[in-house]
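Below: the structure, in structure tokens.
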Ligand code: HEC
Ligand code: HEC
Ligand code: HEC
Ligand code: HEC
């Protein structure tokens, strides 16, 4: 069956390719565009000036407990400029180092899928090799071939500059979600270029670790949860509660798509890449991708007559959501430990199973709200509902746990020390100094010697 993917580069070009008279060059190095498009190139380069990022595990040590047993407990930062993407994924403790000394044959190592949204080179390889072959290869084997950070070819056909989705899984998922790229308005197509990466996804372990957007039933938190539950998908088993966990990843596109702004056709581009006039009087899109609050606040004035007033609305939402978020995080920490204590006191699997499912569900709803960067600006209503749902579910789980614990005479549960990231990591027996040392050795011997410079930007 033909789907939208076939037409995503424009049907004229497709025709030309089919008739053999057109030599497509679907991916180019960012640097090759500097001469033809000096303004966009210069602005794109400036995404490398936005180097600031926050250590979120240090700010909220409870995260270490919620993600115990997954790589997220090792390191988790807020996002920064697009040019840092390959270096950040190379350096994070989450990608550790290969388990054998040579990167190539280590099939058990991390999947190359982690590169999917970090570079147009991975989009090129996926196009050339097919999704399965790419995702079945190792992250470490692909590293030496990553030359470019997120750039022109990720969003544009280099021949025509038309917008496009460079990733087959994004084209497929949009078609699935009845938002086939070729049938969208220009504004929606532009938003979808961001939606290639700013979405939640998972690796299909039983299918070469392919990157899949879990949108079969829809893209709301509830529908994605239904998808995972029906597939009995478990991302990892929580070592304290033994709950079968899920992980949400930055669903910016999904949450935005249900916002008041999306309803009236206001997209990512209006706020993060607004039009500007250059010194020479040319009107262009801001390719620096605005992320600072002060700059984004200015973007509101394009449309809102009282920009300070709407800015205040979202700032108030931010405060309220952060408070709700912190409360859910505490409740979930308690729930994981109480479930562990109940099990150790002899609660049976039958007694605990519904509680563990509730913990899975609550943490999923919490994560879907919290992992969506900027959700307070994108869709505060949805975030409020998700955190409310998470709260109700975890409160129910804790009530059940309280009765299981009291039935077994347990009156005190040893909750962890959350005074710092190090304390929380110690509480889950994570030896971070050891992880850092072996990562350092790998960076020195392999990444610094054999991988292109883009993988070291900012380090
Ligand atoms: C993350 C996606 C993204 C990346 C990366 C990107 N662009 Fe764009 N670009 C856009 C969008 C969106 C527009 C607006 C298109 C529209 O509204 O039709 C645009 C517009 C343009 C235009 C039309 C003039 C203008 O500025 O509105 C040119 C030329 C262009 N980009 C070149 C480049 C070059 C060269 C690079 C790499 C140095 C690049 N782009 C990187 C998304 C991107
Ligand atoms: C190819 C994947 C990809 C595409 C396409 C993409 N992004 Fe990103 N974006 C990322 C990654 C990965 C990061 C985090 C980089 C890091 O922290 O190293 C990021 C970071 C960001 C940030 C934080 C920047 C900062 O300076 O703090 C914003 C804002 C953002 N993206 C918006 C957008 C918008 C808007 C679009 C569409 C025009 C877009 N992105 C397209 C992958 C992508
Ligand atoms: C109405 C304006 C608006 C629209 C539309 C919008 N954003 Fe945002 N975005 C913001 C604001 C404001 C923030 C908060 C910035 C902050 O907290 O520093 C933000 C934050 C982000 C961040 C996190 C930046 C960081 O450094 O933490 C990302 C990533 C992002 N947006 C991507 C997107 C994507 C992708 C879309 C479209 C699917 C989109 N945004 C639509 C205004 C907008
Ligand atoms: C491209 C135009 C555009 C931009 C840019 C834009 N908005 Fe809006 N915004 C709208 C429209 C149109 C509506 C819907 C109007 C309505 O329903 O009254 C809206 C609605 C809203 C609402 C909900 C209605 C309300 O008044 O409470 C808020 C809040 C809001 N915008 C905040 C922002 C913020 C904050 C920014 C900047 C980060 C921003 N908008 C940027 C066009 C825009």
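The values are calculated or read from the model by the stated rules, or taken from the named source; none is laboratory data. Just so it is clear, the model here is predicted, and its values are computed rather than measured. Every residue, glycine as well, gets a Cβ built from its backbone with ideal geometry; the counts of neighbours run over all protein chains shown.
For the reader, a short list of remarks on this structure follows.
- Test result for residue 378, more than 21 Å from residue 228 (Cα to Cα), modelled with pLDDT under 95 and either touching a helix residue (DSSP H, G or I) at 6+ places or on another chain (Cβ under 9 Å) or crowded, with 23+ Cβ neighbours inside 10 Å (or both): no
- Selected residue (criterion: farthest from residue 59 (Cα to Cα)) from residues of segment 409-435 that are surrounded by fewer than 13 Cβ atoms within 10 Å (Cβ to Cβ) and touching a residue at least 12 places away in the same chain (Cβ under 8 Å): 409
- Just one of the numbered conditions (1) surrounded by fewer than 19 Cβ atoms within 10 Å (Cβ to Cβ); (2) touching a residue at least 40 places away in the same chain (Cβ under 8 Å); (3) not in a helix (DSSP H, G or I) is not true of residue 127: (3).
- Residue 203 meets the conditions (1) more than 16 Å from ligand 4 (Cβ to nearest atom); (2) buried (at least 16 other Cβ atoms within 10 Å of the Cβ); (3) part of a helix (DSSP H, G or I) in every case but one. The failed one is (3).
- Residue check: residue 229 meets all listed conditions (1) part of a loop (DSSP other than H, G, I, E, B); (2) over 16 Å from residue 176 (Cβ atoms); (3) free of Cβ contacts under 8 Å to residues at least 24 places away in the same chain but one, namely (1).
- Among the candidates 371, 324, 341, 345, residue that is touching a helix residue (DSSP H, G or I) at 6+ places or on another chain (Cβ under 6 Å) and touching a residue at least 24 places away in the same chain (Cβ under 8 Å): 324
Residue-wise test of (1) more than 24 Å from the chain's Cα centre (by Cα); (2) under 30 Å from residue 257 (Cα atoms).
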position: 361; (1), (2): no, yes
position: 368; (1), (2): no, yes
position: 374; (1), (2): no, yes
position: 407; (1), (2): yes, no
position: 419; (1), (2): yes, no
position: 424; (1), (2): no, no
position: 443; (1), (2): no, no
position: 458; (1), (2): no, no
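- First in segment 173-189 and more than 22 Å from residue 224 (Cα to Cα), second anywhere and modelled with pLDDT of 95 or more and within 13 Å of ligand 2 (Cβ to nearest atom), Cβ under 6 Å, 6 or more apart: 187/267; 189/163
- Which listed residue is free of Cβ contacts under 8 Å to residues at least 24 places away in the same chain and crowded, with 17+ Cβ neighbours inside 10 Å, from 214, 244, 251: 214
- Residues (surrounded by fewer than 18 Cβ atoms within 10 Å (Cβ to Cβ) and in contact with a strand residue (DSSP E or B) (Cβ under 8 Å, 6 or more places away or on another chain)) located in segment 36-78: 39, 53, 54, 55, 56, 70, 77
- Test for residue 397: is it buried (at least 22 other Cβ atoms within 10 Å of the Cβ) and either over 27 Å from the mean Cα position of the chain (by Cα) or more than 18 Å from residue 224 (Cβ to Cβ) (or both): yes
- Test result for residue 248, more than 28 Å from residue 68 (Cβ to Cβ), part of a loop (DSSP other than H, G, I, E, B) and either away from ligand 3 (no atom under 16 Å from the Cβ) or out of contact with any strand residue (DSSP E or B) (no Cβ under 8 Å at 6 or more places or on another chain) (or both): no
- For segment 190-200, the set of residues classified as within 24 Å of residue 231 (Cβ to Cβ) and surrounded by fewer than 20 Cβ atoms within 10 Å (Cβ to Cβ) is empty.
- Segments classed as helices (runs of 4 or more DSSP H), wholly inside segment 1-107, with at least 2 members that are at pLDDT below 95, touching a helix residue (DSSP H, G or I) at 6+ places or on another chain (Cβ under 9 Å) and away from ligand 2 (no atom under 15 Å from the Cβ): 11-18
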